[in-house]
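Some notes on the structure that comes next.
No value in this document is a laboratory result; all are computed from the given coordinates. The model shown is predicted, which means the values in this text are computed figures rather than measured ones.
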Amino acid sequence: MALLLRGALIEYGTSFLGPIPNVVIFQFNPETLTRVLQIPPRPVGPTQRETGQAGEPPIEKITLNALFSAADQLNSGNILARTVGIGPQLAALEKMVFPVTTPGGLIGAAIDAVGSLIGGDKKKDPTQPIPRQKSPRVLFIWGLTRLLPVVIESMTITEQQYDSLLNPVEAQVSIGLAVTPVSKCDNDVVGKGAMDYTNMASDTLATVNLANTIALAADLIPF
């Protein structure tokens, strides 16, 4: 049986030893994946570069549509699917869009709430401003040669079917991703390593293409 790889989105910490709080593996691999390389405009005026000098690196944008369905789990009597449908998968995806507001995520928030109810001193210091949270760090995995640090720029969830409790049991999710270049992976060991690996794989594939190019070039030379 041929090996079937599945695409995935993985939220991760700042290092290989950091926590991995969220993983979504595509139940069905998207049939298509749209990649757009946005080339920043060259500067004009006094700061413009010489004709042969490269501008800012292109920004890669990826759009895909993922399908989630509880049909197989419902047919096999899966308790979780019967209780909440595909709610867990959709919730996990949504968590990759919103910044984490507490160090422990949902569990930390619950513990804090319980602690405030069972005895906290009501005379607390004035509320201090909370620094803006960063967006979750996410890896997009697609095959053996693409391991990309990304930011989720858009997400459209179309819930298509429900059970008797109005839990979604089938949904299409359109996801827009922006790849984070190496130059912007500050203090991000995982993201920089993933991007370096992907660039190395791309360079290798481009080199392999030389064999095809040499073979095709023979047809361009008149005899």
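Key figures
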| item | result |
| --- | --- |
| Segment 138-211: Cα Rg divided by the 2.2 N^0.38 Å rule of thumb | 1.56 |
| Amide H contacts of Thr180 (H built 1.01 Å from N, under 5 Å, at least 5 apart or other chain) | Val150, Val151 |
| Under Karplus coefficients 6.51, -1.76 and 1.60, residue-wise ³J(HN,Hα) of segment 167-175 in Hz, glycine/proline x | 6, x, 10, 7, 7, 9, 10, 9, 10 |
